[in-house]
Amino acid sequence: MSNATMRETNRLTTSRFRIAPGFVAIAIATIALFAVGGLLAPSSVSHSAIVGMLPFAAVLAIAGLGQMLVVQQGGIDLSVAGGISLAVVISTHEPAGDDSKLGPAILMAVAFAIGAGLINGILVSRLRLNSIIATLGMNALLYGAVFAVSGGTPRSTTKLLASVADGTTWGIPNAAFFAIGALVVVSVLTKKTVAGRRFEAIGANPAAARAVGLRVRVHQTLSFVWAQLLYCLAGVLLAGITNQPTAFQGDSLLLPSVAVVVLAGTSLLGGRGFPISTVIAALFLRQLQQFVLALGVDTSVQTLVQAIALAVGVALYSVNWASVRRRLITPKTSQAIPV
Amino acid sequence: MTDTTIRTVTPAQAAQATVLDLTHISKLYSGVAALSDVSVEIRSGEVHAILGENGAGKSTLMNVASGTVQPDGGAIVFDGETVTLTPTVAARLGIAIVYQHPAVLPDMTVLENLQVSLPASVFDGGPDEEIAERLLDGVGLDVHLRDRVELLTVAQKHLLEIAKAFAIQPKVLILDEPTAPLGQASVDLLFSRVRKAVAEGVAVVYITHRLAEVRELAQRVTVLRDGKFRGESAVSAITDAELLALIVGRQLESTFPPKHETVEGEAVVFEVAGLSGDGFHDVSMTARRGQILGVSGVAGNGQSEFLRALAGLTPFTGTVTVDGVEKHGHQLLREAAFMPADRHAEGLMMTLTVRENAAVAALAKFRGWWLLSRKKELGRVTDTLQSLDVKAPSLDAEVSSLSGGNQQKVVMARTLLSEPSVVIADEPTQGVDVGARAEIYRILREVADSGIPVIVNSSDSKELEGLCDKVIVLSRGSVVETLTGRDVNEQMMISAAVHSTTSSISTDRSAAVPTSRAGVRRFIQGDYAPSALLVAVVVLLGAFILTQNDRYLSAFNVSTVLLAVTALGFIALGQTVSLLLGGIDLSVGPLSGFLVVIASFFVNDKKPVVVILVGLLLMVVVAVAVGFVNGSLIRFAKFTPIAATLAMYIALQGLSFVLRDGPDGYINSDVVAVIQLTVGPIPVAFIVLVAVAVLAEFFLRRRRWGWRLRATGSDEESARRVGVRVNRTVILGYVLTSLFTVLGAVMLMGQIGVGDPSQGVGYTLSSITAVVLGGTSLLGGRGTFIGTLLGALLITQLLNATTFLGLSTLWQYVFQGLLILVAAVAYSFVRSRRRRAAA
């Protein structure tokens, strides 16, 4: 009997699908949000509301995936705003309404993205700059490029881009397919390839990765390049979705991109990334906006709810709940806690 | 027989008073006894040496004596009274300890290190510099008071630590292996200093491994082994052989696999010749096929450094040959499997799973067509883990949830899967339970039998005796003995280590720098170099603009620019505090906007003065609350500073919009007039800003408050050891950041004149830019308020310059971006050169 159980415990098992606790939390919260929306503000879950919300959720999801890759390496990317804004103005200004010039414009945006990512990466991994400083400087340079391209005046997009980015297929906004595509690519690359697995290992512990002989700096650099490419995709989509994009279109995505990464459970100290949860978190934040709008409450409440969601999310991962429970169950009698 | 303890007390020594009496001390670490029933009497006016092997319990006993560790049993009697020791109590009673690893703050100067660590009373009766000089002279430490401690050699840091211990004129002085990093001249000076202190009646406890030092310095010796008392004697009444017999003879429960049968003519598979590097010198050894090589010696004598070089992690000179092929460092890094001593720091990816950790070094072997083959990976990983008998809940369990022994087996599985050309194991059984140890020995032996050379470092001589075929003994980085065959035993290893008299190869004098250049060098390496650079840039830029446009220095433009500096300036001063602590406060921007929104309800035209004052008071109260919440989230809820202040950022932005959905609530025009008052072309607010920055700078450099702040940011653990209350310092730091932001908000209120919920947010990033330009490090511990002020001035000047030079917005961004990147790269470059110079 005991022998059998011994063998049982010694056998190393694995399951095909692992469910991260962060995924459960954010998925339940999102489902609850839709359910509560259906009860309290039915217009927030109407077909038109959701179709209107999805493209913006998709853009946030793609930007969030990029931010996630940088956060996985223990960094943070403030140049997400400049990167997206630059892609927006390049894909609107360069073609100037001419569909045939859209292709070269997007290629140009991609080239800028790769350049910006490489510089960020080299500054952080080779010159050992703090990622906050490096990407803060890069953000300003990218905005310089934004003004060089556009002069700061908005212009609307080409018909082709609008029809692709803002169109629907089978009643679902195209942007959502782009987001799912980005999700699949990021997931497969990080979870299923040799380079991706090394990438996650380096993020989890660079010192150990170096001791194993992995090329830490190369992977750290590439994280910024991949991130910029994703911002570029987000920017091009955003250019098609928005009628009159401004030169500062990316600014409003900076904090939410960090927020979705944190909500998804990726540690700001680096390590494993949670792409699916990141995308769901983007959906959650955008639907929250819809819900609050439909309720007719002041939009500011939505910002507060975001802050609370973020704080609760971080607390779930940061606080040592086991020790809190212990302390609550066995309260120390009349012991003053020094503050 | 060996267990009979020797207690001989001569009448002369019995007369000396017992200062510190440790009686029947026991200490358990997770059920394992580190000390059991140990009693030591420390008498004034004598040097009492504590001898024992690695892990015999010496350091634990001294941590009990200095109050950093609380014993589980026994009593501590000081001057006849039973006491409960904490570090604070111990310091008050006059118990000083010099740790093996000095508790110094690398970013602060030598003088500041003394000032923050020592009670203020030490500096009574003279200028601080004079007293500090005297303290350094006392231990023969020849450094400049304004040198950054980061630049000191290990030996110099150690001398600084010793100076701190002598400074409080202790009654009991505990020295833990003090001579390990010191050169001969410093050792002689230290010994004479100790003799002088003893003559004055100080009780000295001297922990060492070296019999020669015991003979030279101590009057009394106590030997520990396995956490137990083995004997005490007057030094003059015991021979070296008797002492050695007390030290060795540990019992080890593990069983070892049979050793390699040496056959003549077997191929040499591994050869190290004349290897030198940081911490070790001219090490040579060879291994034949099937042999396990051991590296022995007293912990910290270059063994770990030697192994790290073999693993390709640190540079070396000399040759390493594996299977007849000479290997370079980068080849070793890839081909050698290194099992680090510190599994948490560099052994495992603790947040990843057992499977991921085991597979990480061999991923390329699991490639299918172009994706990883799950089948291949699982097959190989499971086989290997099971052959090593790893006990884990599942392959998907986080590796941190495993016991130490199983974690080490995961490291070994990774090693085996990577098919290395050599295996280098640093303390392979540290933190591993007895059962798993035997299995680890077996696996290492199997690896060696398969023809892969295995090199093991262990602080446990008994382990090396059982495991290895050949052992080199290192002392102060050099080989003092090579043991083979029957000589591979504990007795021989310990004997070689304790009889060694080699002195440390590291020098405790910094490379001589001509004094005329030393001042320049010190300035460039100091905190104020960025400030000087900024002044130069500001002046040059101003001169250039003046040549282009002579209205640049008009009274109107000067007062416009200087007024514009104030809001950013105050907020950036606040940000400096957070960055000095090694944190960051993203919420300053929205906080400034929110405070203006609050003010817009109170500070209006036709409101009575009382209401206006209430409004201003409310701003302060809200700011204090925000800072307190930020700090508490970081310290108590363990949020990262970015996460905590990001949540606060979003919340404050939301609150602003809750109070006002658009610009409304015009600010009292009289108040605005007061805020914007000028003296000539200079705004009063700017004068206040400069005064506040200078005052803050003074407190940062010259007052305990500033030292504590920088100490916390520089090295939290060392700060705690020198008595800084870290939690309180950090939380008050964030409160201070918010209070500076109040001043910034007042200026912002004057500039925009209305409660606008969308204003202020941009100050978060621009304040960080200003602080970084000023030379404050994001790593914490170093920086200046003056530099921040200049950084804010330069940013504002630059924005103003583009309009004056007729440049487009484009250039505003490009200049800002280039400025911050160039500054950051330059500062980082200076810093890394500096560190390389020190190493």
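The values are calculated or read from the model by the stated rules, or taken from the named source; none is laboratory data. Computed from a predicted model, the values in this text were never measured in an experiment. Neighbour counts run over all protein chains shown; Cβ positions are idealised from the backbone, glycine included. These accessible areas exclude ligands, DNA and RNA; they are computed on the full protein's heavy atoms, side chains included. Shrake-Rupley method; radii C 1.70, N 1.55, O 1.52, S 1.80 Å.
Checking A:Gly213 against (1) at negative phi; (2) buried (at least 16 other Cβ atoms within 10 Å of the Cβ); (3) within 11 Å of chain B (Cβ to nearest Cβ): exactly one of these is not met. Which one?
Single failed check for A:Gly213: (1).
Just checking, which of B:Val629, B:Val622, B:Val597, B:Val658 is within 14 Å of chain A (Cβ to nearest Cβ) and within 15 Å of B:Leu743 (Cα to Cα)?
On the way: B:Val629 fails: within 15 Å of B:Leu743 (Cα to Cα); B:Val622 fails: within 14 Å of chain A (Cβ to nearest Cβ); B:Val658 fails: within 15 Å of B:Leu743 (Cα to Cα).
None of the other options fit; the residue is B:Val597.
What is the number of the single condition among (1) assigned to a helix (DSSP H, G or I); (2) touching a residue at least 60 places away in the same chain (Cβ under 8 Å); (3) more than 14 Å from chain A (Cβ to nearest Cβ) that B:Phe698 does not meet?
(2)
Return only the number of the condition from (1) touching a residue at least 24 places away in the same chain (Cβ under 8 Å); (2) facing chain B (nearest Cβ under 7 Å) that A:Ala208 does not satisfy.
So the condition that A:Ala208 fails would be (1).
How many of the residues in region B:178-206 are touching a strand residue (DSSP E or B) at 6+ places or on another chain (Cβ under 6 Å) and of a type in the set (Asp, Glu)?
Counting residues in region B:178-206 that are touching a strand residue (DSSP E or B) at 6+ places or on another chain (Cβ under 6 Å) and of a type in the set (Asp, Glu) gives 0.
Between B:Leu805, B:Leu819, B:Leu773, which is within 14 Å of chain A (Cβ to nearest Cβ), hydrophobic (A, V, I, L, M, F, W, C) and farther than 24 Å from B:Leu591 by Cβ? Steps first, please.
Numbers: B:Leu805 fails: within 14 Å of chain A (Cβ to nearest Cβ); B:Leu773 fails: farther than 24 Å from B:Leu591 by Cβ.
From the options B:Leu805, B:Leu819, B:Leu773, the qualifying one is B:Leu819.
Of the residues B:Glu305, B:Glu335, B:Glu326, which single one is of a type in the set (Asp, Glu) and within 13 Å of another protein chain (Cβ to nearest Cβ)?
Numbers: B:Glu305 fails: within 13 Å of another protein chain (Cβ to nearest Cβ); B:Glu326 fails: within 13 Å of another protein chain (Cβ to nearest Cβ).
None of the others qualify; the one that does is B:Glu335.
It is to be established whether one or more residues within region A:80-102 are without any contact (Cβ under 8 Å) to a residue 24 or more places away in the chain, closer than 21 Å to A:Leu254 by Cβ and surrounded by fewer than 23 Cβ atoms within 10 Å (Cβ to Cβ).
no
Consider B:Phe815 carefully, then state whether it is touching a Leu at 6+ places or on another chain (Cβ under 6 Å) and buried (at least 24 other Cβ atoms within 10 Å of the Cβ). Explain how you work it out, then say what you get.
Values: touching a Leu at 6+ places or on another chain (Cβ under 6 Å): yes; buried (at least 24 other Cβ atoms within 10 Å of the Cβ): no.
Considered against the rule, which asks whether it is touching a Leu at 6+ places or on another chain (Cβ under 6 Å) and buried (at least 24 other Cβ atoms within 10 Å of the Cβ), B:Phe815 comes out as no.
For region A:309-326, state whether one or more residues are in contact with a Lys or Arg (Cβ under 9 Å, 6 or more places away or on another chain) and at pLDDT 80 or above.
Checked region A:309-326: no residue is in contact with a Lys or Arg (Cβ under 9 Å, 6 or more places away or on another chain) and at pLDDT 80 or above.
What number goes with the only condition from (1) away from chain A (no Cβ under 14 Å); (2) touching a strand residue (DSSP E or B) at 6+ places or on another chain (Cβ under 8 Å) that B:Val672 does not pass?
So the condition that B:Val672 fails would be (2).
Tell me, yes or no, whether region B:58-76 has at least one residue that is surrounded by 15 or more Cβ atoms within 10 Å (Cβ to Cβ), touching a Pro at 6+ places or on another chain (Cβ under 8 Å) and over 28 Å from B:Val223 (Cβ atoms).
Scanning region B:58-76 turns up no residue that is surrounded by 15 or more Cβ atoms within 10 Å (Cβ to Cβ), touching a Pro at 6+ places or on another chain (Cβ under 8 Å) and over 28 Å from B:Val223 (Cβ atoms).
From the residues in region B:366-377 that are surrounded by fewer than 17 Cβ atoms within 10 Å (Cβ to Cβ) and within 10 Å of chain A (Cβ to nearest Cβ), which one is nearest to B:Asp433 (Cα to Cα)? Let's see the steps before the verdict.
Looking only at region B:366-377, we keep the residues that are surrounded by fewer than 17 Cβ atoms within 10 Å (Cβ to Cβ), and these are B:367-371, B:373-376.
With the extra rule that they be within 10 Å of chain A (Cβ to nearest Cβ), the set shrinks to B:367-368, B:370-371, B:373-374.
Values: B:Arg367: 36, B:Gly368: 38, B:Trp370: 41, B:Leu371: 39, B:Ser373: 35, B:Arg374: 33 Å.
Taking the candidates together, the pick is B:Arg374.
Please tell me if B:Glu427 is among the acidic types (Asp, Glu) and at the interface with another protein chain (Cβ under 10 Å from one of its Cβ atoms). Show your work before the answer.
Details: among the acidic types (Asp, Glu): yes; at the interface with another protein chain (Cβ under 10 Å from one of its Cβ atoms): no.
For B:Glu427, the condition - among the acidic types (Asp, Glu) and at the interface with another protein chain (Cβ under 10 Å from one of its Cβ atoms) - is not met.
Among the residues of region A:171-192 satisfying the criterion of being away from every other protein chain (no Cβ under 13 Å) and of a type in the set (Val, Ile, Thr), which is surrounded by the most Cβ atoms within 10 Å (Cβ to Cβ)?
Filtering region A:171-192 for residues away from every other protein chain (no Cβ under 13 Å) gives A:171-183, A:186.
Remaining after also requiring of a type in the set (Val, Ile, Thr): A:172, A:180, A:186.
Working: A:Ile172: 13, A:Ile180: 14, A:Val186: 23.
Filtering first and then ranking leaves A:Val186.
Report, by residue number, each residue of region A:217-249 that is crowded, with 21+ Cβ neighbours inside 10 Å, modelled with pLDDT under 90 and within 14 Å of another protein chain (Cβ to nearest Cβ).
A:Ala247
For region B:300-317, what are the residues that are open to solvent by 40 Å² or more (accessible area, probe 1.4 Å) and touching a Leu at 6+ places or on another chain (Cβ under 8 Å)?
In the first step, residues of region B:300-317 are kept if they are open to solvent by 40 Å² or more (accessible area, probe 1.4 Å); the result is B:300, B:304-305, B:308, B:314-317.
Selection gives B:Phe316, B:Thr317.
On the basis of being of a type outside the set (Phe, Trp, Tyr), part of a helix (DSSP H, G or I), surrounded by 17 or more Cβ atoms within 10 Å (Cβ to Cβ) and free of Cβ contacts under 8 Å to residues at least 60 places away in the same chain, does B:Gln797 make the cut? Give the derivation first.
Working: of a type outside the set (Phe, Trp, Tyr): yes; part of a helix (DSSP H, G or I): yes; surrounded by 17 or more Cβ atoms within 10 Å (Cβ to Cβ): yes; free of Cβ contacts under 8 Å to residues at least 60 places away in the same chain: no.
For B:Gln797, the condition - of a type outside the set (Phe, Trp, Tyr), part of a helix (DSSP H, G or I), surrounded by 17 or more Cβ atoms within 10 Å (Cβ to Cβ) and free of Cβ contacts under 8 Å to residues at least 60 places away in the same chain - is not met.
Given (1) surrounded by fewer than 21 Cβ atoms within 10 Å (Cβ to Cβ); (2) outside any helix (DSSP H, G or I); (3) out of contact with any helix residue (DSSP H, G or I) (no Cβ under 9 Å at 6 or more places or on another chain), identify the lone condition not met by B:Glu130.
Every listed condition holds for B:Glu130 apart from (2).
Restricting to region B:137-163, name every residue that is under 20 Å from the mean Cα position of the chain (by Cα), outside any loop (DSSP other than H, G, I, E, B) and not small (Gly, Ala, Ser). Spell out the reasoning first.
Looking only at region B:137-163, we keep the residues that are under 20 Å from the mean Cα position of the chain (by Cα), and these are B:147-162.
With the extra rule that they be outside any loop (DSSP other than H, G, I, E, B), the set shrinks to B:148-151, B:154-162.
Those that are under 20 Å from the mean Cα position of the chain (by Cα), outside any loop (DSSP other than H, G, I, E, B) and not small (Gly, Ala, Ser): B:Arg148, B:Val149, B:Glu150, B:Leu151, B:Val154, B:Gln156, B:Lys157, B:His158, B:Leu159, B:Leu160, B:Glu161, B:Ile162.
Hey, among the residues in region B:633-690 that are part of a strand (DSSP E or B) and within 30 Å of B:Ser531 (Cβ to Cβ), which one's least open to solvent (accessible area, probe 1.4 Å)? Before you say what the answer is, go through the steps one by one.
We begin by selecting, within region B:633-690, every residue part of a strand (DSSP E or B); these are B:664-667, B:678-679, B:682-683.
Now narrow it down to the ones that are within 30 Å of B:Ser531 (Cβ to Cβ): B:678-679, B:682-683.
Numbers: B:Thr678: 66, B:Val679: 87, B:Ile682: 58, B:Pro683: 1 Å².
That would be B:Pro683.
Among the numbered conditions (1) open to solvent by less than 20 Å² (accessible area, probe 1.4 Å); (2) within 30 Å of B:Arg660 (Cα to Cα); (3) under 27 Å from the mean Cα position of the chain (by Cα), tell me where B:Leu736 comes up short.
Answer for B:Leu736: the failing condition is (1).
Residue check, B:Gly297 against (1) open to solvent by 30 Å² or more (accessible area, probe 1.4 Å); (2) in contact (Cβ under 8 Å) with a residue 60 or more places away in the chain; (3) more than 25 Å from the chain's Cα centre (by Cα); (4) at positive phi, all met but one. Which one?
(1)
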